Structures are given as structure tokens and as C-alpha cells.
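Undergrad: Next up is a structure, given as C-alpha cells.
The values are calculated or read from the model by the stated rules, or taken from the named source; none is laboratory data. Please read all numbers here as calculations on a predicted model, not as lab measurements. All Cβ positions, glycine included, derive from the backbone under ideal geometry; neighbour counts span all protein chains shown. The accessibility values were calculated without ligands, DNA or RNA, using every heavy atom of the protein model including side chains. Shrake-Rupley method; radii C 1.70, N 1.55, O 1.52, S 1.80 Å.
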Amino acid sequence: MQARAALASVLAVVLVLSGCAQPDSTVHAAGGPQPAESTTPSAPPTPTPTPSPSPTHTKAPKPPLRPLPAKLPAGLRRTTGVRPVALTFDDGPSPAWTPKVLDQLRAAHVTATFCVVGLEAQRHPELIRRIVREGHQLCNHSWRHDLDLARRPEADIRADLARTNKAIQTAAPGAQVSFYRQPGGRWTPEVLAVAKDLGMRPLHWAVDPQDWDKPSAATIARRVHNAARPGSIVLLHDGGGNRGATLAACPGLIADLKHRFGITRLR
């Protein structure tokens with residue numbers, strides 16, 4: 001028995017010395033260095049794409065306004081061509097003032113020319129119909145009283161005047177729009193050409209009492225009396241603001257003009 005035990009001990013020693021461990025095993029000494037982690041670099045993160053900026057839509061710059069001529073162009077209608085004078089009323093029709101002006105004209109048995117704003121004609125077509133029905137004349141005064149209209153491109157001028165004529169004739173089918181009056185009297189050759197092409201004559205004035213600035217009724221009447229001459233075209237307003245002073249001045253100035261010159265309808 002002792003001999004077999006000894007033999008077994010010898011065999012065990014031989015096996016250890018001959019490295020008869022399993023071939024895939026790795027033996028590490030206790031407390032020895034541990035295997036290092038893999039140093040293979042990992043793939044970098046995929047960058048988040050930066051969104052492209054949305055295109056900026058900018059409006060095309062408006063064309064510059066033409067300068068006003070140094071003096072008013074030739075060809076403007078300033079007189080009646082006969083001894084009687086003519087009354088013109090701008091910036092309406094106004095539901096507050098135009099009916100009262102029409103009442104006064106009817107009472108005095110005279111007619112006038114109403115230079116109407118297209119937007120107001122569209123809003124108050126019944127007043128356009130009354131103006132025509134009572135024998136007065138219509139004049140195009142631009143769509144929204146654009147003081148710079150005559151300085152704009154000719155295509156813009158044409159569109160504005162045509163739109164105003166359409167509003168007038170929609171309100172009163174068959175009505176004649178014989179004249180065009182440029183807001184502020186700021187005429188250019190271009191607006192004259194467009195108005196003529198659309199069948200309208202350019203209507204200016206000879207007497208401006210500046211009633212748009214709201215002077216007193218007495219001041220309006222005095223200014224008209226002092227400035228009027230045979231054949232004068234008189235500028236007054238029935239729209240664009242409070243026209244109480246104009247309305248108060250009208251009976252006296254109409255009587256004065258009828259007595260001195262007579263009052264006629266423009267032709």
C-alpha cells in the first residue's frame with residue numbers, strides 16, 4: 001500500500017511538471033496583473049446634421065417715385081370756357097355730408113361736378129346713383145386719394161383709375177366719367193397720359209378756399225368771393241372729414257356766384 005501511495009505521489013508531481021492543464025486554460029498568478037481591456041477605439045458617434053437655414057423671402061423693393069415736375073403740366077382744365085363758373089366737390093361721397101350738399105344744390109337749382117373716391121363710391125353706391133339722377137357730373141378722384149399716385153409707375157396709375165371707374169359704373173351703370181382730378185393737384189405727364197387714354201380729361205381748379213383745412217364758413221365764403229372770376233372752377237369738399245363749415249358756407253357763396261357770374265355744368 002505504501003508503495004502504491006508513493007507511486008501515485010510521483011505521478012502527480014510528474015503531471016504538474018509536464019503542464020498537463022487543459023489547453024484553453026490560462027493560469028494567472030494570484031495577485032498578478034489582470035489582463036488589460038481592449039484598446040481598440042470605438043466608432044465615433046454619428047454627428048447630428050445641422051438643419052439648413054430656410055430661405056429668406058424678401059419683397060422686391062418698390063420702384064422709386066418720380067419727382068414732381070417743377071410746374072404744372074399743360075392741358076389742365078382750370079376754367080369753364082364761358083362766363084358762368086363751375087362748382088366741384090371732392091373726396092366723397094360721404095353719407096354724412098353729400099346728401100346735404102345735394103339738397104342745397106337742388107334748392108338753388110344748380111348742378112356741380114362730384115370728384116369721387118373709388119373706395120367711397122364702392123361703399124355708398126346709392127349716393128353715386130343720386131348724384132347722377134339729379135343731373136350732376138362725375139369725376140374720378142383715384143381709388144383711395146393717393147397723393148403720390150401720379151408719381152408711381154404707369155401700370156399702377158392705370159390700375160387705380162380703372163378700378164375707380166369700375167366702382168362708379170357698377171354703382172350707376174352707364175354713368176359717364178368725363179374727368180379725372182389728381183389728389184392734391186399733384187399732376188405729372190404720366191397721369192395725364194393715362195387719364196386721356198381712359199377717356200378722361202384732367203380737371204384742375206382756379207379757386208381753392210382750402211376748406212379741407214377747416215376754416216370757418218365765413219372765411220370759406222370770403223375766399224371764394226375774392227378769388228372767383230368769370231369761368232372759374234371752384235374747388236370744395238363734400239367728403240374726407242367734417243364738412244360742416246363748407247355746408248354752412250354753400251348757400252351764401254352759391255347765391256353770390258349765381259348773381260355775379262352764373263353757375264354752369266362742366267362740358
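Undergrad: In the full protein assembly as shown, how much of THR264 is accessible to a 1.4 Å probe, in Å² to the nearest 10?
TA: Surface accessible to solvent at THR264 totals approximately 30 Å².
Undergrad: Give me D for the range 133-180 in µm² s⁻¹, whole number, from Stokes-Einstein with Rh from the Kirkwood sum over alpha-carbon pairs, 20 °C and 1.002 mPa s. Numbers along the way, then the final one.
TA: Values: Rh = 11.4 Å.
So the translational diffusion coefficient is about 187 µm²/s.
Undergrad: With all protein chains present and a 1.4 Å probe, how do LEU247, LEU87 order by accessible area, largest first?
TA: Heavy-atom accessible area, descending, gives LEU247, LEU87.
Undergrad: Can you give the translational diffusion coefficient of the range 152-205 in µm²/s, computed by Stokes-Einstein from the Kirkwood radius over Cα pairs at 37 °C and 0.692 mPa s? If you can, show how the numbers build up before the last one.
TA: On the way: Rh = 11.5 Å.
For the chosen part, D equals 286 µm²/s.
Undergrad: Is the shape of the range 191-267 rounded, prolate or oblate, going by the alpha carbon gyration tensor and its root eigenvalues a ≥ b ≥ c, with a/c under 1.5 for rounded and a/b larger than b/c for prolate?
TA: Details: a/c = 2.44, a/b = 1.46, b/c = 1.67.
Oblate, since a/c reaches 1.5 and b/c is not below a/b.
Undergrad: Next question. Provide the net charge surrounding ILE131, with neighbours chosen by a C-beta distance below 14 Å and charges set as Lys +1, Arg +1, Asp -1, Glu -1.
TA: Local net charge: -1.
Undergrad: Ranked by accessible surface with a 1.4 Å probe, highest first, in what order do PHE89, PHE261 come?
TA: My answer, sorted largest first, is PHE261, PHE89.
Undergrad: Given Cα pairs under 8 Å that are at least 6 residues apart, what percent is the relative contact order of the range 82-198?
TA: Once divided by the residue count of the range 82-198, the mean separation gives 26 percent.
Undergrad: So for the range 95-162, considering every pair of alpha-carbon atoms, how many percent are separated by more than 14 Å?
TA: When every Cα pair of the range 95-162 is considered, 61 percent fall beyond 14 Å.
Undergrad: Could you state the accessible area per residue of the range 65-133 in Å², with a 1.4 Å probe and every protein chain left in place?
TA: 48 Å²
Undergrad: Could I ask something else about it? When averaged across all projection directions, what area in nm² does the alpha-carbon convex hull of the range 193-237 cover?
TA: So the Cα hull casts an average projection of 4.0 nm².
Undergrad: Mind running the shape call on the range 58-101? Use the C-alpha gyration tensor, a ≥ b ≥ c as the square roots of the eigenvalues: rounded below 1.5 for a/c, prolate if a/b tops b/c, oblate otherwise.
TA: Values: a/c = 5.57, a/b = 1.40, b/c = 3.98.
Oblate, because a/c is 1.5 or more while a/b does not exceed b/c.
Undergrad: Moving to a separate point now. Please work out the average accessible area per residue across the range 175-267, using the 1.4 Å probe convention, and give it in Å². It would help to have the intermediate numbers written out before the result.
TA: Working: 3840 Å² over 93 residues.
Value returned for the range 175-267: 41 Å² of accessible area per residue.
Undergrad: Oh, and also: Give me the percent of accessible area attributable to carbon and sulfur for the range 87-143, probe 1.4 angstrom. Don't jump to the answer; show the numbers that get you there.
TA: Working: 1060 of 1970 Å².
That share works out to 54 percent.
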